[in-house]
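The values are calculated or read from the model by the stated rules, or taken from the named source; none is laboratory data. If you're wondering where the values come from, they're calculated on a predicted model, not measured in any experiment. With ideal geometry, Cβ positions are generated from the backbone for all residues, glycine too; neighbour counts draw on all protein chains shown.
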């Protein structure tokens with residue numbers, strides 16, 4: 001993670017560098033493009049100004065105008081930005097960006113009858129037909145015979161997802177489609193759509209056609225999103241493709257462990273929004289000042305199984321090699337790349353704790369000593385374990401080697417380390433990515449450029465204009481726009497999604513705006529950095545921050561500036577699209593947050609409730625469930641409820657309940673009658689034990705209400721507010737006595753009730769936070 005805490009408003013100073021400038025009179029002398037007429041096959045480029053060469057580099061609609069200037073007719077007339085470099089014939093170091101916009105006539109004269117349907121990201125081209133297509137229980141998934149084997153994987157996934165989403169168990173067959181079917185094909189005749197492009201034709205049956213698996217799979221995401229909103233689909237033809245090749249998300253699992261299930265769910269979640277690049281930051285450490293100013297006490301973790309250095313793998317959460325390989329295989333199936341990142345030579349405390357002699361005496365133990373040859377040996381051994389052999393652990397083509405935020409005083413040796421690690425990882429057939437640092441680490445030591453991709457994140461560390469001049473292709477990852485650091489008080493807790501929707505595209509890095517269509521800007525990526533170790537943030541809290549950002553950034557990284565809807569309209573419509581079939585990371589109990597309430601009075605046996613060692617006896621109101629200890633419980637038809645919620649129940653604990661006795665449980669959390677070590681009512685999730693400071697009386701009925709939001713959790717007892725867990729702080733031991741907000745949120749567990757001695761009655765759940773007055777009325 002990047003520890004710079006100041007980024008907004010950084011000003012680029014180019015110092016005579018003319019690359020990327022757009023205000024020169026010589027640019028104004030470049031003629032406009034000749035009008036394109038229907039049937040034109042090639043862009044006629046304007047003449048170059050005297051003394052310059054005008055070189056066409058690309059467009060923001062490559063499937064319409066490719067890098068050679070060839071035109072493929074779109075469905076409807078489309079504005080296309082063409083990007084040129086104007087290069088001086090005297091010195092090729094003098095270059096100007098030139099942008100020209102043209103209108104390419106379409107196959108159809110207008111948008112057709114049916115308006116373009118809403119999906120995220122929006123379809124790039126659409127021509128509406130008449131009427132609607134309806135999927136039914138007797139529809140089939142039909143595979144083009146010519147591509148049957150290649151299509152089986154996507155068809156199998158789609159079959160299960162339609163079953164999860166609609167309850168339809170469709171047959172998979174090969175051959176010809178008929179009315180009501182879904183036809184999948186990898187024989188699209190239009191090759192210009194590229195690897196991720198596809199055609200979506202909703203007529204009597206839906207045809208999804210592409211030339212590569214990725215494009216076909218994205219077409220199935222479009223189908224699922226349409227069906228999530230409505231059981232029928234407007235007839236029409238879409239031609240869809242991304243503007244940017246890299247549409248990514250970076251997750252710091254080094255400073256906070258995320259379960260393997262969370263990562264697997266996120267592969268599917270990202271895929272649902274056509275994000276294709278999942279960078280997993282596998283190692284990192286906390287800030288020493290928050291750990292008694294002692295490196296030995298400072299938290300650090302490396303999350304992969306490792307045989308080279310016993311003790312390197314984190315003990316509080318890690319992934320086996322087998323699990324990580326399976327994660328990458330799942331990602332391949334869902335058209336997502338896993339980009340594993342091992343970060344060094346800074347952020348390296350996990351390595352120096354295992355091999356202390358490689359820690360820097362000058363800059364701290366989170367820095368490798370780059371004057372010690374052993375540092376190179378250790379890092380090469382670590383990488384080799386995952387990238388060597390016929391079946392490497394890192395199965396994909398790209399590997400991220402970190403290389404950021406090293407001490408500026410040792411720039412030359414840092415540059416040498418970076419160059420060496422690039423070449424070492426490449427020697428195993430991998431492509432290398434790294435964090436931008438070469439403006440910060442200025443020097444004369446060469447660092448390899450060719451085929452290396454840079455995440456440019458802070459323009460003071462890597463000036464994106466300079467990096468382009470050097471020849472690096474870049475992934476726009478600007479911290480001042482795209483960094484989430486939960487509950488830290490700096491960067492963003494929640495991204496400013498309205499600002500992003502209205503103003504940002506991957507062509508903007510910091511405050512540097514590149515020209516649309518510039519092929520050196522591969523795309524963008526946003527990030528979650530878990531800087532504040534131990535602040536109580538959970539996977540659920542992270543997801544609550546990521547979800548709205550994912551929707552907006554999926555749109556911006558697929559379609560660039562092509563946002564025909566206002567943000568307010570987009571924001572309303574986006575609420576109709578969830579996380580994808582089978583996923584409920586947000587713990588929703590109703591679709592589109594429709595009002596929901598459920599009541600279990602436990603007066604008589606209920607087929608929805610499966611009891612184990614629990615009985616029905618006289619309760620607060622008629623009957624109640626009675627429990628006899630930890631192995632006595634009832635399973636409810638829900639797992640959990642996420643923010644926002646209210647849970648109400650009456651409880652009568654018996655004497656002598658054990659420390660840690662449960663009231664409610666799910667895979668993600670427990671609510672405890674007696675929080676471990678305190679005896680107070682509380683809850684636990686992800687290793688955090690929290691209590692309300694209140695002990696329930698024994699052998700009497702008490703009315704308990706718990707409410708939860710993404711800001712905290714509240715307890716009401718017998719209609720009165722007992723405790724609000726919203727404004728508690730961690731006070732660190734550094735000289736400034738830094739305060740950081742403590743997260744005491746809870747996804748309320750509803751999978752089982754019981755696990756204590758006593759009775760529970762009148763359980764009721766709402767997907768909203770009731771007011772104090774409403775809660776008093778319950779009693």
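One line per residue, one yes/no per condition, for (1) under 29 Å from residue 504 (Cβ atoms); (2) without any contact (Cβ under 8 Å) to a residue 40 or more places away in the chain:
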{"site": "411", "(1), (2)": "no, yes"}
{"site": "448", "(1), (2)": "no, yes"}
{"site": "451", "(1), (2)": "yes, yes"}
{"site": "458", "(1), (2)": "yes, no"}
{"site": "477", "(1), (2)": "yes, no"}
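Can you give me the ranges of the strands (runs of 3 or more DSSP E) entirely in the range 241-312 with at least 1 residues that are closer than 29 Å to residue 506 by Cα, touching a residue at least 24 places away in the same chain (Cβ under 8 Å) and under 23 Å from the mean Cα position of the chain (by Cα)?
Because the criterion is at least 1 residues that are closer than 29 Å to residue 506 by Cα, touching a residue at least 24 places away in the same chain (Cβ under 8 Å) and under 23 Å from the mean Cα position of the chain (by Cα), the strands (runs of 3 or more DSSP E) in the range 241-312 that meet it are 246-252, 277-281, 283-285.
Yes or no: the range 748-768 includes at least one residue that is touching a residue at least 24 places away in the same chain (Cβ under 8 Å) and more than 28 Å from residue 654 (Cα to Cα). Please lay out each step first, then the result.
Quick first cut of the range 748-768, residues touching a residue at least 24 places away in the same chain (Cβ under 8 Å) only: 748-768.
Applying the additional criterion that residues be more than 28 Å from residue 654 (Cα to Cα) yields 767-768.
Looking through the range 748-768, at least one residue is touching a residue at least 24 places away in the same chain (Cβ under 8 Å) and more than 28 Å from residue 654 (Cα to Cα).
Which one of the conditions (1) in contact with a strand residue (DSSP E or B) (Cβ under 7 Å, 6 or more places away or on another chain); (2) outside any strand (DSSP E or B) does residue 81 fail to meet, given that it meets all the rest?
Every listed condition holds for residue 81 apart from (2).
On the given criteria, is residue 727 at pLDDT below 95, under 30 Å from residue 299 (Cα atoms) and out of contact with any strand residue (DSSP E or B) (no Cβ under 9 Å at 6 or more places or on another chain)?
No, not satisfied.
Can you spot a residue in the range 137-150 that is part of a strand (DSSP E or B), in contact with a strand residue (DSSP E or B) (Cβ under 7 Å, 6 or more places away or on another chain) and closer than 30 Å to residue 78 by Cβ?
no
Test residue 314 against the criterion of being farther than 30 Å from residue 229 by Cβ and in contact with a strand residue (DSSP E or B) (Cβ under 7 Å, 6 or more places away or on another chain), and give yes or no.
Judged against the criteria, residue 314 is a match.
In the range 119-136, which residues are out of contact with any strand residue (DSSP E or B) (no Cβ under 7 Å at 6 or more places or on another chain) and surrounded by 14 or more Cβ atoms within 10 Å (Cβ to Cβ)?
Scanning the range 119-136 gives 119, 120, 121, 122, 135.
Out of 102, 142, 98, 76, which single residue is more than 25 Å from residue 276 (Cα to Cα) and at pLDDT below 95?
On the way: 102 fails: at pLDDT below 95; 142 fails: at pLDDT below 95; 76 fails: at pLDDT below 95.
Matching residue, one of 102, 142, 98, 76: 98.
Among residues belonging to the range 390-412 that are farther than 14 Å from residue 425 by Cβ and surrounded by fewer than 21 Cβ atoms within 10 Å (Cβ to Cβ), point out the one that is nearest to the chain's Cα centre (by Cα). Steps first, answer last, please.
First, the residues of the range 390-412 that are farther than 14 Å from residue 425 by Cβ: 390-391, 395, 404-412.
In the following step, the residues that additionally are surrounded by fewer than 21 Cβ atoms within 10 Å (Cβ to Cβ) were identified as 390-391, 395, 407-409, 411-412.
On the way: 390: 30, 391: 27, 395: 20, 407: 30, 408: 31, 409: 35, 411: 33, 412: 35 Å.
My answer is 395.
Inside the range 47-60, can you point out the residues that are part of a loop (DSSP other than H, G, I, E, B), surrounded by 14 or more Cβ atoms within 10 Å (Cβ to Cβ) and without any contact (Cβ under 8 Å) to a residue 40 or more places away in the chain? Spell out the reasoning first.
Step one: filter the range 47-60 for residues part of a loop (DSSP other than H, G, I, E, B), giving 47-51, 60.
Those left that are additionally surrounded by 14 or more Cβ atoms within 10 Å (Cβ to Cβ): 48-49, 60.
If the condition is that a residue be part of a loop (DSSP other than H, G, I, E, B), surrounded by 14 or more Cβ atoms within 10 Å (Cβ to Cβ) and without any contact (Cβ under 8 Å) to a residue 40 or more places away in the chain, then 48, 49 are the ones that fit.
Does residue 550 meet the test of being closer than 30 Å to residue 84 by Cα, in the same structural domain as residue 287 (by TED's automatic domain parsing) and either at pLDDT 95 or above or not in a loop (DSSP other than H, G, I, E, B) (or both)?
So residue 550 does not fit the description; no.
Would you please name the residue that is farthest from residue 302 (Cα to Cα), looking only at residues in the range 341-363 that are out of contact with any helix residue (DSSP H, G or I) (no Cβ under 7 Å at 6 or more places or on another chain) and assigned to a strand (DSSP E or B)?
360
Using the structure shown, decide if residue 632 is in contact (Cβ under 8 Å) with a residue 24 or more places away in the chain and closer than 28 Å to residue 712 by Cβ.
Judged against the criteria, residue 632 is not a match.
Table: residues versus (1) under 30 Å from residue 516 (Cβ atoms); (2) more than 19 Å from the chain's Cα centre (by Cα); (3) free of Cβ contacts under 8 Å to residues at least 12 places away in the same chain.
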position	(1), (2), (3)
536	no, yes, no
546	yes, no, no
563	yes, yes, no
603	no, yes, no
641	no, yes, no
644	no, yes, no
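Specify which of the listed residues (607, 656) is on the phi > 0 side of the Ramachandran plot, in the same structural domain as residue 762 (by TED's automatic domain parsing) and surrounded by fewer than 13 Cβ atoms within 10 Å (Cβ to Cβ).
From the options 607, 656, the qualifying one is 656.
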